[in-house]
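Nothing in this text is a laboratory measurement; each read-out follows from the coordinates by a stated rule. Fair warning: this is a prediction, and the values are worked out from it, not measured in the lab. Please note: Cβ atoms are built from the backbone with ideal geometry, for glycine as well, and neighbour counts cover all protein chains shown.
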Amino acid sequence: MNNILILLIVLPLLSSFLVLLVSFISRSFPGKIFSLGGIALSLGLLFLIAPAIFSGGTFSYSVGGWKGPLGITLYMDGLAWLTSLIGTIIALLALIYSSGEKDYHPRFYFFFLLLLVGMQGVILTDDIFNMFVFFEILSISTYALVAYFQTGRAIRASFDYLLLSSLGAAFFLLGIGLIYQAGGVLSLEGIREVTIHLQKNSPSMFNLAVVCLVIGIGIKAAFIPLHTWLPNAHAYAPTPVSALLSAVMIKVSFLATWRIIDIFQAFSLQYLFIWLGAFTAFLAVIWALAQTDIKKILAYHSISQMGFIVASFGVASSLSLTASFFHIINHSLFKSLLFLSAGLVIYTTGIRDVSKLSGLGRKMPLGFFACLVGSLSISGIPPFNGFASKNLISLSLKNYPVAAFLILLASVGTVASFSKIMRIFVGSSAGDRIKKVPLSMTLPLLILCAFCLALGIFPSWGAGGISRLIVPGSFSLPGVYTFWQVAASILILAVGIVFYLLTLTSYGKRVFGYIRQMRLGLNNSLLLLIISLIFFVIFIQLF
Amino acid sequence: MSFYLIVAIFMVGIWGLIAKDNLIKKIIGLNILNSGIVLFFVYIGSFQGTTAPIMEKGIKDVVDPIPQALMLTAIVIGICLTALALALVLKLYQKYKTLSISQIEKMSKDE
C-alpha cells in the first residue's frame, strides 16, 4: 500500500511524457486519452487507500529505499489525502472541460500533467529541499501554461509571475541553506525535533530562515502584499488552467506555508496572519469591484478569499484551523465552478467585459445556473458551502473585532461584485444566436454544483471530518444553521446589493475607475517583495 | 571574508533584478542571485573539511557533500528557469519590438 504514494507522483509524470511522445509519432492520435487516464488512475488510487485513511492510518514511503533523515520520505496523513483528492478531482474536471472547449496542443496536456505532478509532490514530500524541487516543477509548468495563448498580455503576465516567483524561490533556497547550516537536517520531521534547540541557541538566524521560507512560498499563496502577479496570471491563462491555479496552486502553496509555520513553531508570524488576512480580504474585494473583465474579477476574488483562509489560520484555535481548511476546500470547489462558468460565457459569446454583456440567462440556462450556484456559494448564502465555512470563520474571529469587521466588509463587497457578474444573465439580449456548448463542458459544472450544494447542506460531513483530522481529541463544532446566522447572511446580501447599486452611480464609477488604474508595475512588485521580507523579519524579531 | 563576498553577490543579483529596465539584464540579475545562493551552500559545506568528497581509500577530512548535491539540482532548475524566461523575452520582443519593461508596460496598458 505504501507504494501508492510514489505512484501518485509517477503516474501523471509518465502520462505527461506519453502525451508528448505520441504527438511526435502520430498527429492524429488523441494523446489526451493518456492525460485523462493518468489522472483517473491517480483518483482511483486515492479512493483505494480511503478506508485506511478514514480509520486513522498514515502512509510513508522512502524514495529509492534510502531511509531518512538523509533520504527523501513521502508521507501521507488525512489532511494530505484530502488535499490531494480535491486537487485531483478538480484537475480531472478541468481536463474534461478543456477537451470540449478547444483543440489544445499536446504541449498543453504535458504541462497540465506536470502541474499535477508538482502538486502531488509538494503535498506528499517530507523533505524541505524536495519540496523546493516540486515547487519549481509546479511553477515552471504554470508559467508555461499561463503563456499558452501567446498574446502579449499573457506573456507579460507569465513573465512577471516568473520573476516574482523565482525571487521567492531564491529566498526559499536561502532559508533551506540557513536551516541546514544551523540544524544539519533537511527532513521536516527532523527539523521539528531541532526547532526548540535552534530557537534558543541562534534565534536571529532561525527567524531569518523562517521568514525566508514563509515569504518564498507565500508569494505563490498570494496574500497581500505578495499578490501582485496573480490577477494577470489567472485572468490571461486558458480557462481550465485558471480554474486549476485558483483551486489548487495557491491552496497547495498556502498549505505548505501552514506546515512550515507549524513545524518551526513561528507563532508570532501566525498572529501576523490574522491582520494580513483581514486586509487581504478587504482590499482585494475593492479592486475586484473596480474590474470589468470577468476573469479578473474572479482572480481578485481568489486573493480576497485567500484572505479569509489566512485570517482564520492566524487565530490558531481548533475551530479556526478547521474553518480555514474547510474554506480551502469550499473555495477550491466554488472558484473552479465560477472560473469554468466564466469560461463558458467567454466561449459562447467571445466577450470578456461584463459591462458589454446582458440577457444571457435565456440563451444559456445551464451556465446561468452554474454561475448562480457559484456566486451564492462565494457570497456565503445558505444553503451553499460558502455559508458554512464563512460562518465558522466569523465565529473563530470573535476575539478580534477589527479583523472580523474587515472580513464582514469583504463579505458585503463580495455580494456586490457578484451582483455585477450575475447582471450579465438578466435583461434584454441582443438577438444573435450563440455557439452550442458540448456536454463535456457542462458536465464538470454540474458535478461541481452538486459538491457545493452537498457540502452546504451537510456541513458536518466536511467540517466534522476535517476537525477530526486536524484536532486529535474530540471537539464539537458549533452549529451553522442558527436563525441569527441565516438572518445575518440575508442582511449581508441586501446591503451588498445596495452597495452594488451605489457603484453604478456616476460618482461610484469615477472612484472605481480611478482604483482600476492603480496597479503596481513589475519593478515595484519586486521591491514590495523585498520590503515585506524586511518587514516580516523585523516583526518576528520584535515579537 | 568569503561570507561577505557571497552576501555582496546576492545583493548585486537583487539589485539587477529590481533596478534594471532591460528584460535580459533582469534575467542575468536572477542568475547572479542564484549563483550567490549556490556559493552560500558550498560555503556551508566547507566548514567541516578541506578535500573534495570523492570517497576513495585514504581520503579523509572531506567537506559535507550534501549541500553540493543539493546545488547540482538547484543549478539545473536555474537553467530551466533561465531558458523559459529567455523564451518569454523573445516572444515579448517579437510582440512589442522593445526590451524595456517600462515601455512594454505602457504599451500593454493601451491594448
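Structure summary
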{"read-out": "Net +/- balance of residues flanking A:A311 in space, Cβ distance below 15 Å, scoring K and R +1, D and E -1", "value": "+2"}
{"read-out": "Theoretical gain in end-to-end length, A:I490 to A:A454 [0.36 nm per residue, Cα-Cα removed]", "value": "10.9 nm"}
{"read-out": "10 Å Cβ neighbours from other chains, averaged over peptide A:164-176", "value": "5"}
{"read-out": "Alpha-carbon spread of region A:193-292, three principal axes, descending order, Å", "value": "53, 25, 16"}
{"read-out": "FRET efficiency, A:R192 to A:L501 (Cβ-Cβ, R0 60 Å, nearest 0.05)", "value": "0.70"}
{"read-out": "Neighbour net charge for A:K296 - beta-carbon separation under 13 angstrom, K R +1, D E -1", "value": "+4"}
{"read-out": "Computed E for A:K67/B:L72 - FRET, C-beta separation, R0 25 angstrom, nearest 0.05", "value": "0.70"}
{"read-out": "Cα-Cα over 27 Å, subset of B:K20/B:K106; B:K26/B:K91; A:K32/B:K106; A:K435/B:K91", "value": "A:K32/B:K106; A:K435/B:K91"}
{"read-out": "Within 10 Å of each Cβ in B:86-94, the average number of Cβ atoms from other chains", "value": "4"}
{"read-out": "Euclidean distance between Cα centres, region A:323-381 to region A:33-93, Å", "value": "30"}
{"read-out": "Tensor-based shape of region A:1-126 (alpha-carbon gyration tensor, a/c under 1.5 rounded, otherwise prolate or oblate)", "value": "prolate"}
{"read-out": "Residues in region B:70-85 that a label on B:I28 would reach, taking backbone N under 20 Å of a point 7 Å out along Cα→Cβ", "value": "B:78-85"}
{"read-out": "Lysines whose Cα lies under 22 Å from that of A:K436, excluding same-chain neighbours fewer than 8 positions away", "value": "A:K102, A:K295, A:K356, A:K363"}
{"read-out": "R0 of 51 Å, Cβ-Cβ distance A:I470-B:K97: FRET efficiency to nearest 0.05", "value": "0.40"}
{"read-out": "J(HN,Hα) series, region B:53-58, from Karplus relation 6.51 cos²θ - 1.76 cosθ + 1.60, nearest Hz, glycine and proline x", "value": "x, 9, 7, 10, 5, x"}
{"read-out": "Exercise: per-residue mean of other protein chain Cβ atoms within 10 Å, A:136-144", "value": "3"}
{"read-out": "Ranked by how many other beta carbons lie within 10 Å on average, peptides A:136-147, A:510-521 from highest", "value": "A:136-147, A:510-521"}
{"read-out": "Long-range amide H partners of A:D127 with built H, under 5 Å", "value": "A:T73, A:L188"}
{"read-out": "Anisotropy class of chain B from Cα gyration tensor, a/c 1.5 cut", "value": "prolate"}
{"read-out": "Relative contact order of chain A, pairs being alpha-carbon contacts under 8 Å that are 6 or more residues apart, as %", "value": "14"}
{"read-out": "Kyte-Doolittle at least 1.6, axis length at least 18 Å by Cα - qualifying DSSP helices, chain A", "value": "A:3-25, A:32-48, A:106-124, A:128-146, A:203-221, A:267-290, A:365-379, A:401-422, A:439-457, A:483-503, A:522-542"}
{"read-out": "DSSP H segments from chain B that extend 18 Å or more along their own axis, Cα-based, with Kyte-Doolittle mean of 0.0 or above", "value": "B:2-19, B:23-45, B:65-96"}
{"read-out": "Among B:G36, B:G16, B:G45, residue whose mean-square fluctuation peaks in a GNM of chain B (springs only between Cα atoms under 10 Å)", "value": "B:G45"}
